[in-house]
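Only one structure is covered here, and it is reproduced in the block below.
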Amino acid sequence: MDTSPHIEQTVDHLFRHEWGKLVSVLTKLFGPQNLQLAEDVVQDTLLTALNNWKINGLPHNPSAWLFTSARNKAVDVLRQQKRKDEFAKTITPLLQSEYTLAPTVKEMVNTNTIDDDQLRMMFVCCHPSLSAEAQVALILKTLCGFSVAEIAKAFVTGYDTIEKRLYRARQTFRENKVEFELPPVAELDARLETVLMAVYLLFNEGYNSTNHEDLIRNDLMNEAMRLCELICRNPSVKHANTHALMALMCFTASRNDARLDANGNMLLLKQQDRTKWNRALIETGVYHLEESAAGETISKYHIEAGIAYEHAQARDYDHTNWNNILHCYNLLYQLYPSPVIALNRAVVVSELKGAAEGVRAIEAIQDLASLKKYYLLPATLGELHWQMGDYKRAKTFFEEAITLTQSAIEKKLLQQKMKQHPH
């Protein structure tokens, strides 16, 4: 029996879960200046695993096998590289001596310090010498095992642009001789902002995959929540905003099992069976929301978690507290004005005051033109015009929305809406 597809699936799963851990420990070993080398060794380790396991079958503990293999490859690389002046300057004397090389690598590349190593790696990726875009791209690549194509998709930009961005980021690490350590306390907060943005981007890509056959990618959502949990557990970081983001992700992820019907069709909030919502995740979200109140600041994560909380607490759609949600959106727009937030707010206005008021709120959005390629604008206008009985205009908006989304599941939902309309 050929188990190759099963082996490839397992390696793919491990790629997601172990990539960031392995890159983090090898970056600790080689230094951030040699990040590309760390990634190359991890890539080589995974290829070796794929070839070995196809012949010999899966080992008892695949994760431990990968760490051992990466450790052995690291020792070989250090033997080859340590005579090069540039490399020798970045590694400790213990790694330069043949007597202490292997034992030191064994001590440094282990799973016991993995949480600490990954936390440091997150903050290294958010070094102030890098642009915000480069910081997020680097986290997605080094910690989350995103391919360049996936990052390009998440940023809605070209493959070459992301390649250059990552190349320049690695170059900047070399030029600035960046160390593998947490930044000084004074810098922690500023860097935390970008770390959280990257985690949120990762979560959103999992919640509503831009270009994947599956709408929901639990692997990405779980990875985002795992990274957020790492930050929550570290005593040297202020936690209010991190807890708020964690609460938001828990409330949002709790709806996953109710978002598709038996045929894989998308179900909107109104149609979802709330008995399928994950109550344990909602309770965890409430815990994190309460913890987030300990800080002195209010972030967008606090407000968005407040909105998600209202949905999670409502026993059904008709009992949603739209007044509280509108209050949250008003505050969100006041602090973080953007056309997307204004569009979401308009939907809430339509729930409270009717579809015509919702359309007026959309038409009043400043910089509405910037949403012309955002499929949710025509999709929302289509829905509101349908509610108003203007089926012809609704159909035109739905057709426009279909051309603007890459998601097959979203296209299908819009097509089904058009079929329901009277002609």
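The values are calculated or read from the model by the stated rules, or taken from the named source; none is laboratory data. Bear in mind that the values here come from a model prediction, so they are computed numbers and not experimental data. Heads up, the Cβs are rebuilt from the backbone with ideal geometry, glycines too, and the neighbour counts pull from every protein chain shown.
In the range 258-269, how many residues are assigned to a loop (DSSP other than H, G, I, E, B), crowded, with 18+ Cβ neighbours inside 10 Å and either in contact with a Pro (Cβ under 8 Å, 6 or more places away or on another chain) or at pLDDT below 90 (or both)?
Within the range 258-269, the subset assigned to a loop (DSSP other than H, G, I, E, B) is 259, 261-265, 267-268.
If we keep only those that are crowded, with 18+ Cβ neighbours inside 10 Å too, we end up with 259.
Narrowing further to those that are either in contact with a Pro (Cβ under 8 Å, 6 or more places away or on another chain) or at pLDDT below 90 (or both): none.
Qualifying residue count for the region: 0.
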Residue check: is ILE216 out of contact with any Cys (no Cβ under 6 Å at 6 or more places or on another chain), part of a loop (DSSP other than H, G, I, E, B) and crowded, with 19+ Cβ neighbours inside 10 Å? yes
Selection from the range 167-179 of residues exposed (fewer than 14 other Cβ atoms within 10 Å of the Cβ) and either of a type in the set (Asp, Glu) or not in a helix (DSSP H, G or I) (or both) yields GLU175, LYS177
Given the residues LEU50, LEU14, LEU26, LEU35, which is the only one that is at pLDDT 90 or above and part of a helix (DSSP H, G or I)? LEU35
Does ALA401 meet the test of being at pLDDT 90 or above, buried (at least 19 other Cβ atoms within 10 Å of the Cβ), touching a Pro at 6+ places or on another chain (Cβ under 8 Å) and of a type in the set (Gly, Ala, Ser)? yes
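Which one of these is over 22 Å from GLN118 (Cα atoms) and of a type outside the set (S, T, N, Q): LYS164, LYS141?
LYS164
In this structure, is LYS164 assigned to a helix (DSSP H, G or I), of a type in the set (Lys, Arg) and farther than 18 Å from VAL23 by Cβ?
yes
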Apart from one, (1) at pLDDT below 95; (2) surrounded by 19 or more Cβ atoms within 10 Å (Cβ to Cβ) all hold for TYR391; the odd one out is (2)
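Each row is one residue, and each column tells you yes or no for (1) in contact with a strand residue (DSSP E or B) (Cβ under 6 Å, 6 or more places away or on another chain); (2) under 21 Å from ASN265 (Cα atoms); (3) of a type in the set (Lys, Arg).
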| residue | (1), (2), (3) |
| --- | --- |
| LYS373 | no, no, yes |
| GLY382 | no, yes, no |
| HIS385 | no, no, no |
| LYS395 | no, yes, yes |
| GLU400 | no, yes, no |
| ILE409 | yes, yes, no |
| LYS412 | no, yes, yes |
| GLN415 | no, yes, no |
Subset of the range 42-60, residues surrounded by 23 or more Cβ atoms within 10 Å (Cβ to Cβ) and under 25 Å from ARG168 (Cβ atoms), comes to VAL42
For the range 118-166, how many residues are in contact (Cβ under 8 Å) with a residue 60 or more places away in the chain and of a type in the set (S, T, N, Q)? 3
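I'd like to check something: does the range 347-367 contain any residue that is hydroxyl-bearing (Ser, Thr, Tyr), out of contact with any Cys (no Cβ under 8 Å at 6 or more places or on another chain) and modelled with pLDDT under 95?
No, that holds for no residue.
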Out of MET246, MET197, which single residue is modelled with pLDDT under 90, of a type in the set (A, V, I, L, M), not in a loop (DSSP other than H, G, I, E, B) and not assigned by TED's automatic domain parsing to the domain that holds LEU35? MET197
Test: residue in the range 369-384 that is in contact with a His (Cβ under 6 Å, 6 or more places away or on another chain) and not polar (S, T, N, Q): no
The residue from GLU163, GLU181 that alone is acidic (Asp, Glu) and within 19 Å of ASP40 (Cα to Cα) is GLU163
Filter result for the condition that a residue is among the basic types (Lys, Arg), within 26 Å of GLN272 (Cβ to Cβ) and at pLDDT 85 or above, over ARG217, ARG255: ARG255
